[in-house]
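To keep things clear, I will list the structure first and then write my remarks on it.
The values are calculated or read from the model by the stated rules, or taken from the named source; none is laboratory data. Remember, predicted model here, so these are calculated numbers, not experimental data. Glycine gets a Cβ as well: all are built from the backbone with ideal geometry, and neighbour counts include every protein chain shown.
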Amino acid sequence: MCRLARTGGTPELLRRLARRADGWAGILDADGTLLQAVAGSIHLPAHEAADLAARAARELTVRGASSYALDADGRAALLLPIEHDHRDLSPDPSRHDGTSSDRGFVDGASPDRATLDGVSGKNGPVVAVVASGPMPEGLPALLADAVMPLGLSWAAERVERKRRRVDLAESRGREAVLHLLMTGQLSIAHQVAGALRPRLPDPVRVCVVECSGSRRDDVARICADASGGRTWIVRCPVYARHLILIVPAEEETEERIPESGRTLGLAIAGLVEDCVVGVSEEVRLPDTATAYQQAFHALAVARGLPGRHARFGAMPEPALLVGAAGASWADALLAPLLNHLPRRSQDPNSQELSATVASWLAFSSHATQHLKIHRNTLAARLKFVGELLDLDLNRVEDQAAVDLALRVRATPMLHRPAAGVPTAGGNAGEPLDAVLRLPGVQDWAAQQVRLLAEAGPAGEETLRIWLRCEAQLSLTAAELGISVTGVRKRLTRLEAVLRRSLLRTPSARYDLWLAFRAADLATT
């Protein structure tokens, strides 16, 4: 019994009892609620055995007994509580007078002693064994012997279940804080984070750690130890192999990890053999969403480096270059969405719709995991947003426009015209072209295109065709006359050149489309 408790826990002990009884064994609450069970015989339907055990458990609770036996319809049930000292609690079948189907209180202790010892069934769960005929000889003694290891196993498993619930609650809480930061709801994020530790740092760098999915919890503990508990660690809700670290900016710059003399990102890459780390630039806490995308792009570069660690290469953010003209364009484009009022209380409001389209642009179909919604709900919301904005969100061109507009709206330092948000959106073509003709945007686009010089003319051609084919690999392969695998390999090589993620979301496809469009406008 002790060996079974160590190796298989409660299920193995119950299985042993069920086999010995050639019937059913389980654990029930004091009110007869089934907590765990195994069936050991096809001759005894599990639901019938559970019903009989539940009836006996309720009887045991009412009587305040420390053991109970019940015969009914040719079946026998035997019960013992599992959370107290069971000395001399083995049921004695010899005390049954044979005149009643209910054996009642049959243990060796008096009801008064049972009450004084606090060993009534209502104080905790009970173990029940049900046989399809007379109780096999020796089973009561075996059940009494099994109670102590069962109690220890059950208590240990209950503690483990509680620990997992606490861990899950904390993980979901941290995920909620990250979601609030990514959607710009800073004050609410601070309120929720106040119940957790550590406090949200500011300024920050974001690290994305990619590791084996089965090791994510172990890597999270290593990250916590390496940072001395000063880092916010979130299990990514979208990618099962990713951890997102919100790191105090100084731990990735001047101040090094005392034990290793290295930055946190480098320390983690050194401590965990198969992990890859991407690190963002230093940003203020409200710009966590931007820092996450930077770290994700750096991760794509780090996969090809021997040190498995990369920082985001300094690159101007197009949303910071558009100025007041870009802010006016973004307000006009998004006005139907921002001013939307739901017809029914259960319909999503403008904030929910904006968060949905932003998540989809960042994570594509993985937005269902990020937002915890069904894929049909996501599709319906995106269709509605497309109708509101009069855009086709299946086209990379329109996706890039909405993505830029949302980033501009999320940039607080941009000047807003005194007139505020327009009440009607405009056409997304010419106004966007006017924004892309701005000198700062033109310089940014030229810098993007120059990065492709290392890949040669074929690199730019591949990217342009890929974007013209709505970033679909199969269509791109058909137009280039190569295999899908060949297209994927080309894009992977271009990721290293651009130092940006292309194949995995968040992808640089929107910035590339804007850069190519701006470069084309410069020649017309």
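Points to keep in mind about this one:
- Test set (1) exposed (fewer than 15 other Cβ atoms within 10 Å of the Cβ); (2) at pLDDT below 80; (3) assigned to a loop (DSSP other than H, G, I, E, B) - residue 31 fails condition number: (2)
- Any chance residue 55 is modelled with pLDDT of 85 or more and surrounded by fewer than 23 Cβ atoms within 10 Å (Cβ to Cβ): yes
- Test result for residue 301, in the same structural domain as residue 218 (by TED's automatic domain parsing), surrounded by 22 or more Cβ atoms within 10 Å (Cβ to Cβ) and farther than 22 Å from residue 407 by Cα: yes
- From the options 181, 168, 143, 152, residue that is over 20 Å from residue 53 (Cβ atoms) and either assigned to a strand (DSSP E or B) or touching a strand residue (DSSP E or B) at 6+ places or on another chain (Cβ under 9 Å) (or both): 181
- Just one of the listed residues (488, 450, 468) is among the charged types (D, E, K, R), within 14 Å of residue 514 (Cα to Cα) and not assigned by TED's automatic domain parsing to the domain that holds residue 303, and it is 468.
- Pairs, first within 13 Å of residue 466 (Cβ to Cβ) in region 477-500, second β-branched (Val, Ile, Thr) and surrounded by fewer than 21 Cβ atoms within 10 Å (Cβ to Cβ), C-beta under 7 Å, six or more apart: 477/484; 479/465; 480/465
- Residues of region 495-514 that are assigned to a helix (DSSP H, G or I) and either modelled with pLDDT of 90 or more or under 27 Å from the mean Cα position of the chain (by Cα) (or both): 495, 509, 510, 511, 512, 513, 514.
- The number of residues in region 339-379 being of a type in the set (D, E, K, R), farther than 17 Å from residue 179 by Cα and in a helix (DSSP H, G or I) comes to 1.
- Set side by side, the residues 197, 230, 205, 215 differ, and just one is closer than 21 Å to residue 297 by Cβ and among the basic types (Lys, Arg), which is 205.
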